[in-house]
């Protein structure tokens, strides 16, 4: 028996689907390569809180890949930077006057409120995109932490939470805090207040053009206690009875010193 070993005959009809798939894949790759994207980083990945901590400045900077912008001040792109702190539970209460006395009335509890929120942008948010897009991506601050097209606007209790955080400098909206340094480079700076909460913070950067989202990038940073602050916090949580005894001993010691210095002979 004679066996012939060789390549199978070429069948253009059978290979057509594979060739078409390769052509479409190549075309999609070429399109993706021409799209704008952003690369982002922060000036510090960790912030240490010590006894003399009075706040810290954080700079978020980045670049637009495949930028079509001709100059830094052309206004072709818009950048929105949203910085959120760790979530916390907040209760908003309405005061009511009963028989001449102010008492607590209705209340609303929120379980996932960002302890810190800052929205930095190249222009006012309402000029960059419509309200529905801001809500869809959670750019608009909402104590209910809901995003989507059907997310309702903040009610009176949510507005009360926002106003309270504004007074504590834990809610910030700066419409001109982000600027371009060239065709693609941009940066924005925000100040974290002294009473900022310890935990993980997220920095979300959005690239927009004519009200449409082109790309987004997320990065993170961590705020933690250091030095004597960290040691006391660790002792209070891990060895509460030792922390309590030391606190009592310190109070007694300070009382004895005061009595010795100011007592009359």
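Each value in this text was obtained by applying a stated rule to the coordinates, not by laboratory testing. All values derive from a computational prediction rather than experimental measurement. Here the Cβ positions follow ideal geometry from the backbone for every residue, glycine too, while neighbour counts run over all protein chains shown.
Miscellaneous remarks
- Highest mean packing first, where packing is the average number of other Cβ atoms within 10 Å per residue, the peptides 252-260, 65-73 line up as 65-73, 252-260.
- Sorting 244-251, 130-137, 56-63 by their mean Cβ neighbour count within 10 Å, with the most densely packed peptide first, gives 56-63, 130-137, 244-251.
- Highest-first packing order for the peptide set 94-100, 173-179 is 173-179, 94-100, based on the mean count of other beta carbon atoms within 10 Å.
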